[in-house]
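The values are calculated or read from the model by the stated rules, or taken from the named source; none is laboratory data. If you're wondering where the values come from, they're calculated on a predicted model, not measured in any experiment. Neighbour counts are summed over all protein chains in view; Cβ atoms, including those assigned to glycine, are modelled from backbone coordinates with ideal geometry.
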Amino acid sequence: MVRDTKFRMRSPDRESQCGQARLVVVGSKAVGKSALTVRYLTKRFIGEYQSDTDMIYRATMPVDGSKVSLELLDLSSNLDEVVVPRETMAWAEAWLVVYSITSRDSFRVAARAVEAVTGSCEGDSTSPSTAGTPVLLMANKKDLEHIRQVPESEGRRLADQYGCSFVEVSAAEMVSQVNDSIDGLLRQVSNQKGQTSPRLRKLSVSKMFNQLMNRNNQDKPSMARVSLRDRARKRGHLRQS
Ligand code: GDP
Ligand code: MG
């Protein structure tokens, strides 16, 4: 599903002056990926969000006084695993990896995701390289301190280990922290643009969208998908539980 927010640019001339960024939000189910996405794009917190559909949002966001033309893919996921289509791995210019401070399981899933999207594909000829793509590890639901399961220090350590940014937020209660940290991620994309691989730019949004739509069609076995758990296991980083 593609959703254009009210921030979408209308003038092609102005659009060409924008920086661009393609951001993918991953993490296990119910950690607040959609809540954070909607909070960032609309500044609102609704409470309940459609959970079983991948959503692409297009919006133009002001970052540091200039405009960034953002495409944001909010990936639906299971409780215990994140599955990212290979095309999405190649398409992404930045990753927002989300877990909930109230769920140790979600932290484990986030750890696998961080490992994979920070360049675990090196030496894996079947997967697109994601090395060098900016990653923000976001610990959500900070307002639920009384049922916290993951100390802030663990999240920070994980981020440090893989060279990611890290922040603890609450989609429910912390508007500016959510905005500022995602703005920071877009800023990193803008700063990197000169070094972006031409191969990544070639994957058109319409092609990406068609591939995403095929993702749910079980009759299309040719659709390659990357299981972050399988990938981590393959590299020997994930212990069998
Ligand atoms: P997703 O499956 O990762 O997209 O998770 P959702 O965005 O659908 O959120 C799952 C549930 O957590 C919903 O009931 C949200 O209202 C709730 N939620 C999301 N963010 C927060 C937060 O920061 N604090 C609290 N207390 N609840 C949140
Ligand atoms: Mg969701």
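Given the condition part of a helix (DSSP H, G or I), in contact (Cβ under 8 Å) with a residue 40 or more places away in the chain and at negative phi, answer yes or no: does some residue in segment 161-172 qualify? Walk me through it before giving the result.
Start the filter on segment 161-172 by keeping residues that are part of a helix (DSSP H, G or I), which leaves 161-162.
Now drop any that are not in contact (Cβ under 8 Å) with a residue 40 or more places away in the chain, which leaves 162.
From the residues that got through so far, the ones that are at negative phi too are 162.
Checking segment 161-172: at least one residue is part of a helix (DSSP H, G or I), in contact (Cβ under 8 Å) with a residue 40 or more places away in the chain and at negative phi.
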Item to complete: Just name the residue that is modelled with the lowest pLDDT out of those in segment 57-83 that are within 13 Å of ligand 2 (Cβ to nearest atom) and touching a strand residue (DSSP E or B) at 6+ places or on another chain (Cβ under 6 Å).
Response: Val82
Discussion item. Criterion first (of a type in the set (A, V, I, L, M) and surrounded by fewer than 20 Cβ atoms within 10 Å (Cβ to Cβ)) does Ile101 satisfy it?
Written reply: no
Worksheet item: Can you tell me which residues in segment 104-113 are surrounded by fewer than 24 Cβ atoms within 10 Å (Cβ to Cβ) and small (Gly, Ala, Ser)?
Response: Ala111
Worksheet item: Out of (1) modelled with pLDDT under 95; (2) surrounded by fewer than 21 Cβ atoms within 10 Å (Cβ to Cβ), the odd one out for Leu144 is which?
Response: (1)
Practice prompt. Kindly provide the set of residues from segment 28-82 that are part of a loop (DSSP other than H, G, I, E, B), polar (S, T, N, Q) and surrounded by fewer than 20 Cβ atoms within 10 Å (Cβ to Cβ), ordered by number.
Written response: Gln50, Ser51, Thr53, Ser76, Asn78
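From the residues in segment 85-106 that are of a type in the set (Ser, Thr, Tyr) and outside any strand (DSSP E or B), which one is nearest to the chain's Cα centre (by Cα)? Steps first, answer last, please.
Kept after step one, since they are of a type in the set (Ser, Thr, Tyr), are these residues of segment 85-106: 88, 99-100, 102-103, 106.
If we keep only those that are outside any strand (DSSP E or B) too, we end up with 88, 102-103, 106.
Details: Thr88: 10, Thr102: 20, Ser103: 19, Ser106: 15 Å.
For segment 85-106, the residue satisfying everything is Thr88.
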